[in-house]
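Here's the structure we're looking at; comments come further down.
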Amino acid sequence: MIYDLILSLLSDGCFAAAAAVGFSTISKTPSRAWLWCGLTAAAGHALRFALLSGTGLHIVAASTVAAMTVGLMAVIFAPRIKCPAEVCLFPALLPMIPGMYAYRTVQALMACIASLDESQFIHCFYLLAYNGFTCSFIILGMVIGANIPIFIFKAISFRATR
């Protein structure tokens, strides 16, 4: 049981790190920051996975806490890589974007448009609202959670660019 959880956390973190490093490379991030972007993404995504599976926390709250951790790590790593904190922050948040909720929102919207029966429309509209609100609040939580450490530790986060 514990072995499976650790293996799941490691694989989740590795896939998130690969996505973050890939995004960093196409975003023309300095190569000295790639390792730190990957570590930040791996830690944040693995933390969200652990909070979702271990504590049963809702995905909005888990994403907010994970984004706060990613923001804190980005602020800590910024002076080390001599880049703004956002260099590590944005690629690390990319794997946590709620793509399935966005996809299901659009899918429910198309089903609403195509529905002929009122009860089918109501069900599709419910799915549209649920997935749309969940997607929106995950993104909002990530934005707020990621920016809190940058505003709290403003002196550290902007010191790297001076």
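In 10 Å bins starting at zero, report the fraction of Cα pairs in the chain per bin as a rounded %.
It works out to 12, 33, 29, 17, 7, 2, 0, in whole percents.
Around S53, under 13 Å between beta carbons, what's the net of Lys plus Arg minus Asp minus Glu among the other residues? Walk me through the numbers before you get to the answer.
Values: positive: R48; negative: D4, D12.
Computed value for this residue: -1.
Can you put Y3, Y126 in order of Cβ neighbours within 10 angstrom, beginning with the fewest?
On the way: Y3 7, Y126 12.
Going from sparsest to densest Cβ surroundings: Y3, Y126.
Ranked from highest to lowest mean number of other Cβ atoms within 10 Å per residue, what is the order of the peptides 81-91, 99-109? Present the calculation step by step, with values, prior to reporting the outcome.
Details: 81-91: 22.8, 99-109: 15.5.
Order by mean packing, descending: 81-91, 99-109.
What value, in deg cm²/dmol to 500, does the helix sum -39500 (n - 2.57) over DSSP H runs of n ≥ 4 give at 222 nm once divided by the residues of the chain? Let's see the in-between values first.
On the way: 7 runs with 130 residues, N = 162.
Calculated mean residue ellipticity at 222 nm is -27500 deg cm²/dmol.
So, counting K/R as plus one and D/E as minus one, what does the shell of residues with Cβ under 12 Å around L93 add up to?
Numbers: positive: R48; negative: E86.
Net of charged neighbours comes to 0.
Pick out the long, greasy-scoring helices in the chain: whole DSSP H runs spanning 30 Å or more along their own axis by Cα, mean Kyte-Doolittle at least -0.5.
On the way: long enough: 2-26 (36 Å, 1.51); 59-81 (31 Å, 1.86); 118-152 (50 Å, 1.33).
Taking the DSSP H segments of the chain (at least 30 Å long, mean hydropathy at least -0.5), we get 2-26, 59-81, 118-152.
How do C135, C112 rank when sorted from fewest to most other Cβ atoms within 10 Å of their own Cβ? Show your work: numbers first, answer last.
Values: C135 22, C112 17.
In increasing order of surrounding Cβ atoms, one gets C112, C135.
Taken together, the values in this text are just the output of simple stated rules run on the coordinates, not laboratory data. Because the structure is predicted, anything quoted here is derived from the model rather than measured. Glycine gets a Cβ as well: all are built from the backbone with ideal geometry, and neighbour counts include every protein chain shown.
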